[in-house]
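Notes follow once the structure below has been shown.
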Amino acid sequence: MTHWMTTILNETYPFALPALDYAYDALESNIDTATMTLHHTKHHQTYVTQLNKGLEAHPEFQQKTLEWLVKNWETLPASLKTIVKNHGGGHLNHALFWKMLSPKPQQPSSALEAQLKKDFGSLEQFTTTFNAAATSVFGSGWAWLCVKNSTLVVVGTANQENPLTQDLLPILGLDVWEHAYYLKYQNRRLDYITAFWNVINWQHVEELLLLAQQTKN
Ligand code: MN3
């Protein structure tokens with residue numbers, strides 16, 4: 001069976017807003033209903049709409065996969081490159097992000113925990129490193145846990161850049177754009193980051209780690 005991440009990466013024009021696996025109010029009180037609703041139906045939808053609009057005018061790129069577009073945006077014609085960078089990246093990042101969240105409380109499996117301990121020293125050190133990356137993104141961006149040559153690394157990216165552009169495979173991501181938390185947390189980004197740890201879909205993170213190991217990223 002094809003993994004969902006592979007499916008997303010292999011999508012081509014016309015792109016569509018993926019449905020969530022849970023209700024808009026399912027992540028209360030960590031991520032509020034109004035934020036989830038707006039974030040999915042307005043922000044993510046806009047990335048999809050603008051990406052499709054850009055490609056509408058460029059039939060020669062309509063067969064390219066989302067992965068190819070995101071990785072190769074710099075080579076695209078001037079009238080398309082910024083659209084793909086911002087809205088292609090935005091569509092991919094959000095499609096990944098929704099799957100990384102879950103209303104079902106869970107912990108990393110012992111195998112994943114062992115890998116995190118190997119690469120960060122301890123679970124606490126991993127959490128500290130990830131929180132520091134998420135806190136220090138200036139303005140809009142993301143914090144990611146990624147796989148690079150079988151090792152886990154934490155990186156921050158600006159705006160809608162995806163780690164794939166740095167040859168890193170993301171297995172956990174956190175949207176730290178203000179639209180992701182401002183309604184509930186206002187300027188308190190750290191409170192939002194802290195709440196995020198309560199709604200991580202660790203089962204999915206582990207599936208992505210296995211996928212990365214299989215594809216030898
Ligand atoms: Mn967002």
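The values are calculated or read from the model by the stated rules, or taken from the named source; none is laboratory data. No experiment lies behind these values; they were computed from the predicted model shown. Methodologically, a virtual Cβ is constructed for each residue, glycine included, from the backbone with ideal geometry; neighbour enumeration extends over all protein chains shown. Keep in mind that these areas ignore ligands, DNA and RNA; they rest on the heavy atoms of the full protein, side chains included. Shrake-Rupley method; radii C 1.70, N 1.55, O 1.52, S 1.80 Å.
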Odd one out for His43 among (1) open to solvent by less than 50 Å² (accessible area, probe 1.4 Å); (2) within 26 Å of Gln203 (Cβ to Cβ); (3) assigned by TED's automatic domain parsing to the domain that holds Ala95: (1)
Only one of (1) touching a His at 6+ places or on another chain (Cβ under 9 Å); (2) more than 14 Å from the ligand (Cβ to nearest atom) fails for Asp21. Which number is that? (1)
Which residues, counting only those in the range 97-113, are in a helix (DSSP H, G or I) and either aliphatic (A, V, I, L, M) or in contact with a Cys (Cβ under 8 Å, 6 or more places away or on another chain) (or both)? Ala111, Leu112
Sort out which residues of the range 46-80 are surrounded by 18 or more Cβ atoms within 10 Å (Cβ to Cβ) and aliphatic (A, V, I, L, M), and write them in order of number. Val48, Leu51, Leu55, Leu66, Leu69, Val70, Leu76, Leu80
Considering residues that are out of contact with any Asp or Glu (no Cβ under 7 Å at 6 or more places or on another chain), open to solvent by 20 Å² or more (accessible area, probe 1.4 Å) and assigned to a helix (DSSP H, G or I), the number found within the range 22-35 is 1
Search result, residues across the range 179-193 that are exposed (fewer than 15 other Cβ atoms within 10 Å of the Cβ) and part of a helix (DSSP H, G or I): His179, Tyr182, Leu190, Asp191
Given the condition without any contact (Cβ under 8 Å) to a residue 40 or more places away in the chain and farther than 20 Å from Gly88 by Cα, answer yes or no: does some residue in the range 200-212 qualify? yes
Index of the failed condition, Leu38 passing every other in (1) within 30 Å of Asn198 (Cα to Cα); (2) open to solvent by 60 Å² or more (accessible area, probe 1.4 Å); (3) in contact with a Phe, Trp or Tyr (Cβ under 9 Å, 6 or more places away or on another chain): (3)
For the range 194-217: of the residues being part of a loop (DSSP other than H, G, I, E, B) and away from the ligand (no atom under 16 Å from the Cβ), which is least open to solvent (accessible area, probe 1.4 Å)? Asn201
Taking the condition of being away from the ligand (no atom under 13 Å from the Cβ) and under 15 Å from the mean Cα position of the chain (by Cα), how many residues in the range 168-189 meet it? 5
The correct count of residues that are more than 28 Å from Leu174 (Cβ to Cβ) and in a helix (DSSP H, G or I) in the range 56-96 is 8
Give the range 137-167 a look and list any residue that's part of a loop (DSSP other than H, G, I, E, B), surrounded by 15 or more Cβ atoms within 10 Å (Cβ to Cβ) and touching a residue at least 40 places away in the same chain (Cβ under 8 Å), or say none. Asn159, Gln160, Glu161, Asn162
Restrict the check to the range 118-130 and report whether at least one residue is within 15 Å of the ligand (Cβ to nearest atom), at pLDDT 95 or above and not in a helix (DSSP H, G or I). no
